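J.: Once you've had a glance at the structure underneath, I'll fire off some questions.
The values are calculated or read from the model by the stated rules, or taken from the named source; none is laboratory data. It should be emphasised that the depicted structure is a prediction, and the values quoted were computed from it without experimental measurement. As a convention, Cβ positions derive from the backbone with ideal geometry for all residues, glycine included, and neighbour counts pool all protein chains shown. Heavy atoms of the whole protein, side chains included, go into the accessibility calculation; ligands, DNA and RNA do not. Shrake-Rupley method; radii C 1.70, N 1.55, O 1.52, S 1.80 Å.
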Amino acid sequence: MHRKDIKAQIRKQLKTEYPNWQRLNRKEKKQIARKVLAEVFDSYDFSKEIETPLPELIGLSNQQPTNGILTIEQMAEFVQRHQADPLFRLYGKHRPHPAIKDIELQTIDSLIDDRIVNKLLAPKGYTPASRYLFPCNLFRAEMLKAIKYPEISYRKFCGDDKRYDSHKETSPYVGMESKQNRAFIGLAVNRKEMISHVQMSQFRSSLSYTQMINLNVYLLYLLQSKGLLNPSQVHFIDSTELAVDRQHLLAKMKIGKTNIRVYDDIDCDCGKRRNKRDKSIYVVGYRMHALAVISPENGQSIPLISVLAPANHHDSHFMMPLINLSKAIGLDLKLITADEAYHDKNGSLLEQTGVLLIAPPNKKVALPGNVDAETRQVTCDDLCEIAMEYVGSDRHGHEFKCAAEPGQCPRLPVCPQYRRIAFDSGYFQPIPHMTAGVSKAIDLRKNGERSFNLIKKREGLEYARIRGQHNILVQSVFTTVATLLIELAGTRKKPPSTRHRQLGLLAAA
């Protein structure tokens, strides 16, 4: 933790004393980074307890729930209140533009209420009368790019690429010839009104964390209103790395067996990548930690909300922040399934949040004494041969009682007939693995990985085309929103496979 504390102090000092960091050249950045790293290390007292808050240590200081964040229920009231406004009624119902021929774009166009989006994303001092581009137009442009053109750059999308001539209307994506795309964005199809990558960049930079989360909540409200979000679903937490290209290492110092690294992007860091044959085991950038929902009936997984942190932190640090954020927006969390990186080994998560966590057993955790290695049956002591019966659990651990029939055990008068096993990250997690349905929940967890594959491959988040934690966070939120819109549109759904029918039978059973 001391290494994280040192890195947090370096980040804070660089941001405070060098607000024009991005305008410096690489040589200047190297000199400053090495100087600040040496100063912080020389003045650091390893004997003192760490006083830096955990969110700041793990890079989430700007991603904390605030009073301005709406719950899904409050969002429903917000939408209903504004739809009942006389000005909204005067505006009339949304009518599809005749130039939009694509069925998916038609459906998504009808789902997005521009007036609500403008209310949620409008900056301070917003004056709609003096502009031709509104927040909803820039948001729609982001959605169009994520849904239809995820693989191209923003410059190419807007027509600012050097390969085009000086006339922006030559862009094949939002130029004058692309009437469908212009109509979806809200640009005039008969006037040379354009949108540049600079305007889109300024739009992303201007969004606050509260605005981003409220936009996400708006889509979750739409998801709930369509019946795709209900309490019977199982939630799932996982992470995926987001590499940042062309990151230059400015300074490095070894402390013990670990290194402190400072990169051009102050917030990013170097972490281990999950085993991939075609890539290095290390990645420089960030990790997106997301909460998704899985339907037990068909195995369908949908990403709901996420946080973004440097890539060098262990996944287990982000379980509680995600749960706190989810509860702040009103998600009903009862059961979460996750991989081996997450464990509630002492029951503190259950005690603090009331959320049950199911994860595969940690292979490094040894079984308690008098527990059969194959059947996981619990006996009272070395002399007992009768399996005990599981009673339940409290904050101290699991309780077992003697299951012997009258006259079956000669040691009954001298046996305590009771045993308690403490929580661990092996087979005796807050929900012990001998409980019915645990193996099914762990098997269902594998379906949650599909949502991450869609976010990265289909909506184009695998390659971060922008820089800075804030901008990449905005892009990750927009990508999640685009995924939710595609799910709501339902135009890409395939007939249920045999696997999904089996999951439905399991749920019915």
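J.: For segment 318-365, name all the residues that are of a type in the set (Gly, Ala, Ser), closer than 17 Å to ALA290 by Cα and modelled with pLDDT of 85 or more.
T.: Our first condition is that a residue be of a type in the set (Gly, Ala, Ser); within segment 318-365, this holds for 326, 328, 330, 338, 341, 347-348, 354, 359.
Pick out the ones that are also closer than 17 Å to ALA290 by Cα and you get 326, 328, 330, 338, 341, 359.
Across segment 318-365, the qualifying residues are SER326, ALA328, GLY330, ALA338, ALA359.
J.: I would also like to ask the following. If you check GLU39 against the conditions, is it at pLDDT 90 or above, in contact with a Ser or Thr (Cβ under 6 Å, 6 or more places away or on another chain) and more than 29 Å from SER208 (Cβ to Cβ)?
T.: no
J.: Still on this structure, please answer the following. Among the residues that make up segment 308-317, is at least one of them without any contact (Cβ under 8 Å) to a residue 24 or more places away in the chain and touching a strand residue (DSSP E or B) at 6+ places or on another chain (Cβ under 7 Å)? Talk me through it step by step, then tell me what you get.
T.: If we filter segment 308-317 for residues that are without any contact (Cβ under 8 Å) to a residue 24 or more places away in the chain, which is where we start, we get none.
So far as segment 308-317 goes, no, none of its residues is without any contact (Cβ under 8 Å) to a residue 24 or more places away in the chain and touching a strand residue (DSSP E or B) at 6+ places or on another chain (Cβ under 7 Å).
J.: Moving to a separate point now. Quick check, is HIS82 under 30 Å from ASN190 (Cβ atoms) and open to solvent by less than 80 Å² (accessible area, probe 1.4 Å)?
T.: Values: under 30 Å from ASN190 (Cβ atoms): no; open to solvent by less than 80 Å² (accessible area, probe 1.4 Å): yes.
Judged against the criteria, HIS82 is not a match.
J.: When segment 436-479 is examined, which residues are found to be hydroxyl-bearing (Ser, Thr, Tyr), crowded, with 22+ Cβ neighbours inside 10 Å and more than 16 Å from ALA309 (Cβ to Cβ)?
T.: Our first condition is that a residue be hydroxyl-bearing (Ser, Thr, Tyr); within segment 436-479, this holds for 439, 451, 463, 476, 479.
With the extra rule that they be crowded, with 22+ Cβ neighbours inside 10 Å, the set shrinks to 451, 476, 479.
SER451, THR479, listed by residue number.
J.: Filter segment 287-315 down to residues that are of a type in the set (Ser, Thr, Tyr) and open to solvent by less than 10 Å² (accessible area, probe 1.4 Å) and give me whichever is farthest from GLN475 (Cα to Cα).
T.: Of all residues in segment 287-315, those of a type in the set (Ser, Thr, Tyr) come to 295, 301, 306.
With open to solvent by less than 10 Å² (accessible area, probe 1.4 Å) added as a condition, the list becomes 301, 306.
On the way: SER301: 20, SER306: 11 Å.
Selected residue: SER301.
J.: Among the residues of segment 392-447, write down those that are polar (S, T, N, Q), part of a loop (DSSP other than H, G, I, E, B) and within 15 Å of THR337 (Cβ to Cβ). Before the answer, list the steps.
T.: Kept after step one, since they are polar (S, T, N, Q), are these residues of segment 392-447: 393, 408, 417, 425, 429, 435, 439, 447.
The next check asks that each one be part of a loop (DSSP other than H, G, I, E, B); those that pass are 408, 417, 425, 429, 435.
Those that are polar (S, T, N, Q), part of a loop (DSSP other than H, G, I, E, B) and within 15 Å of THR337 (Cβ to Cβ): SER425, GLN429, THR435.
J.: Testing TYR132 on (1) open to solvent by 30 Å² or more (accessible area, probe 1.4 Å); (2) modelled with pLDDT of 90 or more, one condition comes back false. Which one is that?
T.: Every listed condition holds for TYR132 apart from (2).
J.: Can you go through ARG501, ARG492 and tell me which one is more than 24 Å from ASN214 (Cβ to Cβ) and either crowded, with 19+ Cβ neighbours inside 10 Å or at pLDDT below 80 (or both)?
T.: Values: ARG492 fails: either crowded, with 19+ Cβ neighbours inside 10 Å or at pLDDT below 80 (or both).
After applying the criteria, what remains is ARG501.
J.: Exactly one condition in (1) open to solvent by 50 Å² or more (accessible area, probe 1.4 Å); (2) in contact (Cβ under 8 Å) with a residue 60 or more places away in the chain; (3) part of a strand (DSSP E or B) is false for LEU367; which is it?
T.: So LEU367 meets the others, but not (3).
J.: Please find, within segment 107-160, the residue that is nearest to the chain's Cα centre (by Cα) out of those that are part of a helix (DSSP H, G or I) and of a type in the set (Ser, Thr, Tyr). If you could, list the steps in order and put the result at the bottom.
T.: Start the filter on segment 107-160 by keeping residues that are part of a helix (DSSP H, G or I), which leaves 107-111, 114-121, 128-130, 135-148, 154-158.
After this cut, where a residue has to be of a type in the set (Ser, Thr, Tyr) as well, the list is 107, 110, 130, 154.
Working: THR107: 25, SER110: 26, SER130: 36, TYR154: 23 Å.
Going through the qualifying residues, I end up with TYR154.
J.: Hey, any hits in segment 321-333 for a residue that's assigned to a loop (DSSP other than H, G, I, E, B), of a type in the set (A, V, I, L, M, F, W, C), open to solvent by less than 70 Å² (accessible area, probe 1.4 Å) and without any contact (Cβ under 8 Å) to a residue 24 or more places away in the chain?
T.: No; the residues of segment 321-333 include none that is assigned to a loop (DSSP other than H, G, I, E, B), of a type in the set (A, V, I, L, M, F, W, C), open to solvent by less than 70 Å² (accessible area, probe 1.4 Å) and without any contact (Cβ under 8 Å) to a residue 24 or more places away in the chain.
J.: Sort out which residues of segment 393-432 are open to solvent by less than 40 Å² (accessible area, probe 1.4 Å) and within 17 Å of LEU356 (Cβ to Cβ), and write them in order of number.
T.: GLY397, HIS398, PHE423, ASP424, SER425, GLY426, PHE428, GLN429, PRO430, ILE431, PRO432
J.: Among the residues of segment 21-51, count how many are over 15 Å from LYS252 (Cα atoms) and small (Gly, Ala, Ser).
T.: 2
J.: Could I ask something else about it? Would you confirm whether any residue within segment 193-208 is more than 20 Å from LEU105 (Cα to Cα) and touching a strand residue (DSSP E or B) at 6+ places or on another chain (Cβ under 8 Å)?
T.: No.
J.: May I pose another question? For segment 201-221, what are the residues that are within 15 Å of ARG140 (Cβ to Cβ) and surrounded by fewer than 19 Cβ atoms within 10 Å (Cβ to Cβ)?
T.: Once the filter is applied, which keeps residues that are within 15 Å of ARG140 (Cβ to Cβ) and surrounded by fewer than 19 Cβ atoms within 10 Å (Cβ to Cβ), segment 201-221 yields nothing.
J.: Can you tell me which residue within segment 222-244, out of those that are among the polar types (S, T, N, Q) and open to solvent by less than 30 Å² (accessible area, probe 1.4 Å), is nearest to HIS314 (Cα to Cα)?
T.: First, the residues of segment 222-244 that are among the polar types (S, T, N, Q): 224-225, 230, 232-233, 239-240.
From what's left, open to solvent by less than 30 Å² (accessible area, probe 1.4 Å): 233, 239-240.
Numbers: GLN233: 27, SER239: 10, THR240: 12 Å.
Checking each candidate, the answer is SER239.
J.: Same structure again: From the list ILE6, ILE10, ILE100, which one is within 30 Å of ASN118 (Cα to Cα), crowded, with 16+ Cβ neighbours inside 10 Å and either modelled with pLDDT of 90 or more or not charged (D, E, K, R) (or both)? Can you show your working first?
T.: Values: ILE6 fails: within 30 Å of ASN118 (Cα to Cα); ILE10 fails: within 30 Å of ASN118 (Cα to Cα).
Result: ILE100 is the single residue among ILE6, ILE10, ILE100 that is within 30 Å of ASN118 (Cα to Cα), crowded, with 16+ Cβ neighbours inside 10 Å and either modelled with pLDDT of 90 or more or not charged (D, E, K, R) (or both).
J.: Take the residues of segment 177-192 that are open to solvent by less than 40 Å² (accessible area, probe 1.4 Å) and of a type outside the set (Lys, Arg): which is nearest to LEU121 (Cα to Cα)?
T.: Taking segment 177-192 first, the residues open to solvent by less than 40 Å² (accessible area, probe 1.4 Å) are 178, 181-185, 187-188.
From what is left, the residues that are of a type outside the set (Lys, Arg) are 178, 181, 183-185, 187-188.
On the way: SER178: 26, ASN181: 22, ALA183: 21, PHE184: 18, ILE185: 16, LEU187: 18, ALA188: 22 Å.
The residue in question is ILE185.
J.: On the basis of being part of a loop (DSSP other than H, G, I, E, B), without any contact (Cβ under 8 Å) to a residue 60 or more places away in the chain and open to solvent by 10 Å² or more (accessible area, probe 1.4 Å), does GLN352 make the cut?
T.: Details: part of a loop (DSSP other than H, G, I, E, B): no; without any contact (Cβ under 8 Å) to a residue 60 or more places away in the chain: yes; open to solvent by 10 Å² or more (accessible area, probe 1.4 Å): yes.
Answer is no for this residue.
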